[in-house]
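Structure first, commentary second.
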Amino acid sequence: MNTLSFFGRLTLLCIASLTIMVGAVVAPGLSGISEALGVAGNASLLITLPALGAVIFAPFSGRLIDRFGAYPCTLVALLLYGILGVSGQWFFGPAEVFINRMLLGGTATLLMAGGTTLISQFYSGHERLKMIAKQGMAIEIGGVLVLFAGGQLTIMGWNLPFYLYLIAIAFLIMLALSVPNKKAVHSDSSTNQAQEQVTSEPLLFVYLSACVAMTLFFTAIVVLPLSMKDAGYNADKIGLFLAFISLIAVVTAHFLPRVHLRWKNQGTLGLAFAFYCLSHAAFYHADSLPMLLLSGLLSGMAFGLSIPLFNHITVEKSAPTERGKNLSYLAMAIFLGQFLTSFVELIPGDISLVYAVAGLGAGVYFFCALIIFKK
């Protein structure tokens, strides 16, 4: 039984929403922001470089959490997140801008691992899965609000979206006031099960699947602002559509516990990768608004069934003393998937070809995942 108040639970969910925000803030106005910062030649790196920073700093984040505790690490990460985020508008040129974005990503991985570790300290078993599903919903609700607000603010001024990062300071105050700095102890079987499984069932496949899933999801997030702009959509319309994808992910994550009860890990992840494959196939043929909406629907469903479940599996199969480390490795895998989308623009030919390649890759991994699960 958890010991958190409603405000405490809300605080942990708010912190989770900052994860997707790290790159999504600049997505709707990517073209104008990149020109203003002097990095127009590498615009997509504004979205993906924070992920590289997260990959680099993830191992250190895990050690910090296991040594000093998730609570103080999360407090410090929130402070740095707000400062580094808002200051991004005042740098110019590739060196300054990209270093800032990588450091911002480092704080994001500490937030992601720290926030999930805090959840695991106050929840267990199916209740923990429900809370982690809500965490996935919170991440995408953050995406809905940030993408919508970012698109609107970009119209008024290219630099205004950067002030959205300051919300991390408000979450810092909420954490200090509502979440106790202590570890809740559980005696249920899930903890004992985790102790047994941590050595017999390595998490490498979970990390690999998380990396592939985020690569597939963020391919759409990175390419859509460019392909939709070419199709005549402006920044606020692009922001609304990206927010629509996040909203679908929110709804899907809400039903994740029910889906998992019926289909377990294998069936749920199989559905997720099937939806990733279908979404990119639909994006490739999205010459009309109805097909574009169908593509977004499938993409959001895939995210809502995959990323929250990876968090749950990692917690479930990790000993309490190693959760910080393992969740940091999971964060590394997720952000590595985001960073790998930096290279999608290198695919020759029309930009829509990226969707075809991603759809083919999703289909191949779908069958590979089923084979691995059977073994």
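The values are calculated or read from the model by the stated rules, or taken from the named source; none is laboratory data. None of these values were measured; they are calculated from a predicted model. When we count neighbours, we look across all protein chains shown, and the Cβ atoms used for this are built from the backbone with ideal geometry, even at glycine.
List of remarks:
- From G69, G8, residue being in contact (Cβ under 8 Å) with a residue 12 or more places away in the chain and at positive phi: G69
- As a summary of the residue check, V364 satisfies the conditions (1) modelled with pLDDT under 90; (2) part of a helix (DSSP H, G or I); (3) exposed (fewer than 14 other Cβ atoms within 10 Å of the Cβ) except for the one numbered (1).
- P28 being outside any helix (DSSP H, G or I) and within 20 Å of the chain's Cα centre (by Cα): yes
- Top-ranked residue of region 281-316 - restricted to ones that are of a type in the set (S, T, N, Q) and surrounded by 24 or more Cβ atoms within 10 Å (Cβ to Cβ), ranked as nearest to C211 (Cα to Cα): S306
- Of all residues making up region 141-157, the number that are surrounded by fewer than 23 Cβ atoms within 10 Å (Cβ to Cβ), within 15 Å of the chain's Cα centre (by Cα) and under 14 Å from L30 (Cα atoms): 0
- Selection from region 115-164 of residues that are in a helix (DSSP H, G or I) and among the hydroxyl-bearing types (S, T, Y): T116, T117, S120, T154, Y163
- Whichever residue in region 224-246 is buried (at least 23 other Cβ atoms within 10 Å of the Cβ) and at pLDDT 85 or above and, among such residues, is nearest to W158 (Cα to Cα): L224
- Test: residue in region 336-356 that is modelled with pLDDT of 80 or more, within 14 Å of V55 (Cα to Cα) and among the small types (G, A, S): yes
- Test for S44: is it in contact with a Cys (Cβ under 8 Å, 6 or more places away or on another chain) and touching a residue at least 60 places away in the same chain (Cβ under 8 Å): no
- Output for region 156-168, where each listed residue is aliphatic (A, V, I, L, M) and over 18 Å from A43 (Cα atoms): M156, L164, L166, I167, A168
- Among the residues making up region 228-261, a single one is under 19 Å from K134 (Cβ atoms) and basic (K, R): R258.
- Residue check for A138: touching a Ser or Thr at 6+ places or on another chain (Cβ under 7 Å), crowded, with 23+ Cβ neighbours inside 10 Å, under 20 Å from V250 (Cβ atoms) and touching a residue at least 60 places away in the same chain (Cβ under 8 Å): yes
- Subset of region 33-49 that is of a type outside the set (A, V, I, L, M, F, W, C) and modelled with pLDDT under 90 - its residue that is farthest from the chain's Cα centre (by Cα): G41
- Matching residues, region 315-352, being touching a residue at least 40 places away in the same chain (Cβ under 8 Å), over 15 Å from the mean Cα position of the chain (by Cα) and in a helix (DSSP H, G or I): V315, E316, P320, T321, E322, R323, G324, K325, N326, S342, V344, E345
- Qualifying residues in region 20-70 (those that are farther than 18 Å from A333 by Cα and charged (D, E, K, R)) - the one surrounded by the fewest Cβ atoms within 10 Å (Cβ to Cβ): R67
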